[in-house]
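The values are calculated or read from the model by the stated rules, or taken from the named source; none is laboratory data. Because the structure is a prediction, the values reported are computed rather than measured. No Cβ is skipped: glycine too gets one built from the backbone with ideal geometry, and neighbour counts run over all protein chains shown.
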Amino acid sequence: MKELKDKVAFITGGGSGVGFGQAKVFAEEAGMKVVIADIRQDHLEQALDYFKGKDVKVHGIQLDITDRDAYAEAAAEVEKVFGTVQLLCNTAGVSQFGPIEKATYDDWDWQLDVNLKGMINGIMTFVPRMIEYGQGGHIVNTASMSAFVAVPSAGIYTTTKFAVRGLSEALRLELEKYNIGVSCLCPGGVNSNIHEAVKTRPAKYSNTGYYGEDPKVFAELKKAIEWGIDPVELARITLDGIKRNDKWILPFPEFIPLVEKNHAEVMEALHRYEDHPDVERRKKMMGTPDF
Ligand SMILES: NC(=O)c1ccc[n+]([C@@H]2O[C@H](COP(=O)([O-])OP(=O)(O)OC[C@H]3O[C@@H](n4cnc5c(N)ncnc54)[C@H](O)[C@@H]3O)[C@@H](O)[C@H]2O)c1
């Protein structure tokens, strides 16, 4: 999507961090009509306060992306206020650290619900509308460098982000014919408020093997991201990636050694079986079903 001015952007998690950076850049620098959707009313209000008095078109909706009915209502509201969404930023995400062996089912369910199923809800809600509108568009799915490399104590988060990467690759292939681009944005460290993500954890998932709302833990977690990129700078890079229809938006080359090591291991594991007697037969048969 090369021309963004006056087009409608819908940003989940737009009240803080990466999403708020996107809202600022898309509204102020690209001249888009921007919808900020966020579960936290305080984040939403702070974001809307920032835009007060500025010559921009911004609309706020309190939305829990895991709530499918609310998502459909939000889409209907956007269409009334601004028109059809042509840029969907699936940005909202949560994290909670701890080893997999200490996780409860609630720990799994919460992060999978928000980071993966919440994104699926966004795609299910807006992709049919974009296709029907027939004017093309773009989707930015925020994964993480955790979509490429696993680190200890981030197993659940890593699982969700690897899934987001797969979803993004598949979606990109399938939406190309509708002129809808898909980019997978994979941040490394971003100076955001993700250190206090557990504040939005719903009561139905209260059983945790990890930590709760503990200021000391929040302070430790903040130390791990406060050196990170500024969300506005990341959003400017993202904007360029959208205009070029980049498959990957990966402005964190400090991760090159880790990703190279991972990929080298994958290639080594594949090459190990090259001389297996059945390989040539399978190569001749290979194809994908045509649905
Ligand atoms: N901060 C980092 O270092 C970093 C690194 C890699 C990837 N990311 C990813 O960036 C994305 C944005 O995170 P951030 O760092 O800006 O965090 P953040 O906490 O500052 O912002 C996330 C926003 O999403 C909202 N949110 C949470 N659950 C929601 C839900 N169910 N429905 C709607 N809104 C919800 C929060 O209220 C918050 O305003 C996430 O997907 C995260 O995984 C962040």
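Being at positive phi, free of Cβ contacts under 8 Å to residues at least 12 places away in the same chain and of a type outside the set (S, T, N, Q) is true for just one of GLY53, GLY31. Which residue is that? Let's see the steps before the verdict.
Values: GLY31 fails: free of Cβ contacts under 8 Å to residues at least 12 places away in the same chain.
Step by step, each of GLY53, GLY31 is checked, and only GLY53 is at positive phi, free of Cβ contacts under 8 Å to residues at least 12 places away in the same chain and of a type outside the set (S, T, N, Q).
Test of understanding: among MET119, MET124, which residue is surrounded by 16 or more Cβ atoms within 10 Å (Cβ to Cβ) and modelled with pLDDT of 95 or more?
Details: MET124 fails: surrounded by 16 or more Cβ atoms within 10 Å (Cβ to Cβ).
Result: MET119 is the single residue among MET119, MET124 that is surrounded by 16 or more Cβ atoms within 10 Å (Cβ to Cβ) and modelled with pLDDT of 95 or more.
Determine whether GLY53 is part of a loop (DSSP other than H, G, I, E, B), modelled with pLDDT of 95 or more and crowded, with 18+ Cβ neighbours inside 10 Å.
When the stated conditions are applied, GLY53 does not pass them.
Here ILE131, ILE156 are screened, and the one residue that is surrounded by fewer than 21 Cβ atoms within 10 Å (Cβ to Cβ), in contact with a Phe, Trp or Tyr (Cβ under 7 Å, 6 or more places away or on another chain) and of a type outside the set (Lys, Arg) is ILE131.
What are the residues in the range 90-104 that are among the polar types (S, T, N, Q) and within 16 Å of the ligand (Cβ to nearest atom), if any? Across the range 90-104, the qualifying residues are ASN90, THR91, SER95, GLN96.
Considering only helices (runs of 4 or more DSSP H) fully contained in the range 188-291, which possess at least 3 residues that are within 16 Å of the ligand (Cβ to nearest atom), modelled with pLDDT of 95 or more and touching a strand residue (DSSP E or B) at 6+ places or on another chain (Cβ under 8 Å)?
Values: elements: 215-223, 231-244, 256-271, 279-285.
Once the helices (runs of 4 or more DSSP H) in the range 188-291 are filtered for at least 3 residues that are within 16 Å of the ligand (Cβ to nearest atom), modelled with pLDDT of 95 or more and touching a strand residue (DSSP E or B) at 6+ places or on another chain (Cβ under 8 Å), what remains is 231-244.
Regarding the range 6-14, can at least one residue be identified that is in contact with an Asp or Glu (Cβ under 7 Å, 6 or more places away or on another chain), farther than 25 Å from ASN245 by Cβ, of a type outside the set (Lys, Arg) and assigned to a loop (DSSP other than H, G, I, E, B)? So far as the range 6-14 goes, no, none of its residues is in contact with an Asp or Glu (Cβ under 7 Å, 6 or more places away or on another chain), farther than 25 Å from ASN245 by Cβ, of a type outside the set (Lys, Arg) and assigned to a loop (DSSP other than H, G, I, E, B). Checking LYS2, LYS7, LYS80 one by one, the residue that is at pLDDT below 95, closer than 27 Å to LEU175 by Cβ and away from the ligand (no atom under 12 Å from the Cβ) is LYS2 and no other.
Given the residues LEU48, LEU112, which is the only one that is of a type in the set (A, V, I, L, M, F, W, C) and either under 30 Å from GLY155 (Cβ atoms) or in contact with a Pro (Cβ under 6 Å, 6 or more places away or on another chain) (or both)? Quick ask: steps written out before the conclusion?
Numbers: LEU48 fails: either under 30 Å from GLY155 (Cβ atoms) or in contact with a Pro (Cβ under 6 Å, 6 or more places away or on another chain) (or both).
Among LEU48, LEU112, only LEU112 is of a type in the set (A, V, I, L, M, F, W, C) and either under 30 Å from GLY155 (Cβ atoms) or in contact with a Pro (Cβ under 6 Å, 6 or more places away or on another chain) (or both).
Being over 27 Å from CYS89 (Cβ atoms) and of a type outside the set (Phe, Trp, Tyr) holds for only one residue in ASP230, ASP290, and it is ASP290.
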